[in-house]
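Notes to accompany the following structure.
The values are calculated or read from the model by the stated rules, or taken from the named source; none is laboratory data. The model shown is predicted, which means the values in this text are computed figures rather than measured ones. FYI the Cβ positions are ideal-geometry reconstructions off the backbone, even for glycines, and counts take in every protein chain you see. These area figures cover heavy atoms from the full protein model, side chains too; ligands, DNA and RNA do not enter into them. Shrake-Rupley method; radii C 1.70, N 1.55, O 1.52, S 1.80 Å.
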Amino acid sequence: MKSRHQTIRRWPRIALWLALLLLPTLALAEVKPHAAGIASANKQATEAGFEILAQGGNAFDAAVAVSAALAVVEPESSGLGGGGFFLLHRASDGKAVFVDAREKAPLAASRDMYLDADGNAQRALSVNGALAAGIPGLPAGLVLVAERYGKLPLKQSLAPAIRLARKGYIWSAKNAAMIGFRTEQLAKSEGAAALFLRKGKPPAKGDRIFNPDIAKVLERIAGEGHRGFYDGKTARTLVEGVKAAGGIWSLDDLAQYQAVEREPLRFQFQGEEILTSPPPSSGGVALVGLFQILSGYPLAEFDRVQRLHVEIEAMRRVYRDRAIYLGDPDFVQMPMQMLLSPYYAAGLRASIHTRKATPSDALPGISAGPEGSDTSHFSIIDSEGNIAAVTQSVNLPFGAAFVVPGTGFVLNNEMDDFSVKPGVPNAFGLIGDDANAIEPGKRPLSSMTPTILLGKDRVAAIGSPGGSRIITMVFLGLSKVLAGSSAAEAVSAPRIHHQYQPDSVSVEPGALSEAEISALTERGYTVAPAERPWGNMQVVIWNKQDRSVDAASDPRWEGVGGGESRDREMIFR
Ligand code: GLY
């Protein structure tokens, strides 16, 4: 038997072993946030997320709740008739996944389906009505995220959205503004008119809106999972309604739809790790290109105009590549190794004049088609450190402005995100756009760019709606976060944008001073001041030093969005 004396002598060694054993646990405990943060485009959706966290759900359950609530309360931007991307990072094992719930072209779709007999694009057909709609992906995304990553039953996570639909939600200033753009078209769809118009007029801000039809569809998904939408009554109603209105959906389209898990893109900037969206998003590839081009410059030494110069030139180049190379990875071979390579970025950097704008025409390529701008992003970090960055869309405001009667949701018009007329030689005789041509079962290229920063001191989830401008918004917002800005500073920062063609720099009101605009003009830029601001960015940041969580919603829709962090005591009260 060991003497008491021996044990005392060994005590320092035992303590050392205990400390070593406990160290990983202590380290993990240390890095958990004190609070949880949610930022979404609508307060009612943010509240749905906190409700689910309070019931013991994780960030992924809360993402299902927020996503479904947005489908009810923000029908102009996203919903069950649309699609989305869920970028998730799990704290327990560091697993990162990109859930691709993007819409797919119907199996009866064809490359020239929106061209008239003379080969001209008939944009009205790819934008309005049943023929414009791809097969929805969001319901499949909700089910996949809940089943594979959530802690709670899907039924529980969908409950707040079902309640909002049945007991009513408040029509916001944003709902009221956006319906103004689509009232005429919504009036042409019997289902849309019944859902959104009262004697032909849209609701007023502050009205309570009831949507028992979408509640029934959500209840079917809650009860039956994936089959609740893609099979049975919902599927039959949708297919019959789409066909009756001139669309080409079949029951097979719905039966075959699956959300897909993809590997997120990972890259480093200034030693910080960033996770972002792979194809069929174009955003991540462009974001990697932007940061890689900029990483070769001594940015800290640049004045504001010089920094703007290199940023705009980088934007010009990555948008050109986006239009030439990117599409659905299940259909097209993309030169990903090249596009993501620092050597390729160095080549692009070398083509940037130190002080002069490069005319886009001097970089032959093709321009991307117009892209819809109404989409919704939300960001969540829970108190375990799980992260969800989610962007979802129906494309234009109220999507195709078409509702199958009795379903309670608009169908998307994401078919317009394909190149409706690919392969047409441009001014330089280049043929391109094939990567994003319409093919049966293919996903249209998207700009949605949910992104996660896994920094040493700061972790963040970021994203925004805004069509082709999403990518430059995420780039500018993330640059602010990397520079130490708060969530509120990141979402409110002024925005500029260049997308190769048109060859001009869009500038938000007040984003640049007169002197900066003159300096850019002298360098050869066409500066195009925009009449209105754009975007609706939602950011959550977890500061690891003090374990605080900071959430903010874009002030451009002040009073509508919900960006909030709540400490544990407040959540579990
Ligand atoms: N419909 C907008 C986007 O996916 O980029």
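Odds and ends about this structure:
- Output for the range 447-470, where each listed residue is buried (at least 24 other Cβ atoms within 10 Å of the Cβ) and either among the aliphatic types (A, V, I, L, M) or more than 18 Å from the chain's Cα centre (by Cα) (or both): Met448, Ile452, Val459, Ala460, Ala461, Ile462, Ile470
- Here the range 517-564 is the region considered, the condition is being in a helix (DSSP H, G or I) and not basic (Lys, Arg), and the residue that is most open to solvent (accessible area, probe 1.4 Å) is Glu522.
- Complete set of residues in the range 447-462 that are farther than 13 Å from Val539 by Cβ and away from the ligand (no atom under 16 Å from the Cβ): Leu454, Gly455, Lys456, Asp457
- The set of residues from the range 169-225 being small (Gly, Ala, Ser) and on the phi > 0 side of the Ramachandran plot comprises Gly200, Gly206, Gly225.
- Count of the range 383-408 residues, restricted to those that are open to solvent by less than 10 Å² (accessible area, probe 1.4 Å) and more than 16 Å from the ligand (Cβ to nearest atom), is 7.
One line per residue, one yes/no per condition, for (1) in contact with a helix residue (DSSP H, G or I) (Cβ under 7 Å, 6 or more places away or on another chain); (2) touching a residue at least 40 places away in the same chain (Cβ under 8 Å):
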{"site": "Ala519", "(1), (2)": "yes, yes"}
{"site": "Val527", "(1), (2)": "yes, no"}
{"site": "Gly535", "(1), (2)": "yes, yes"}
{"site": "Asp554", "(1), (2)": "yes, yes"}
{"site": "Glu564", "(1), (2)": "yes, yes"}
{"site": "Arg568", "(1), (2)": "no, yes"}
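- Some residue of the range 132-146 being farther than 17 Å from Gln256 by Cβ, in contact (Cβ under 8 Å) with a residue 12 or more places away in the chain and open to solvent by 10 Å² or more (accessible area, probe 1.4 Å): no
- Selected residue [surrounded by fewer than 19 Cβ atoms within 10 Å (Cβ to Cβ) and farther than 17 Å from Val404 by Cα] from Glu190, Glu263: Glu263
- Search result, residues across the range 394-420 that are under 19 Å from Val242 (Cα atoms) and in a strand (DSSP E or B): Val394, Asn395, Val403, Val410
- Condition met for Pro444 (buried (at least 20 other Cβ atoms within 10 Å of the Cβ), farther than 19 Å from Pro75 by Cβ, at pLDDT 90 or above and within 16 Å of the ligand (Cβ to nearest atom)): yes
- Applying the condition of being under 30 Å from Asp231 (Cβ atoms) and outside any strand (DSSP E or B) to the range 265-288 and asking which residue is nearest to the ligand (Cβ to nearest atom) yields Pro280.
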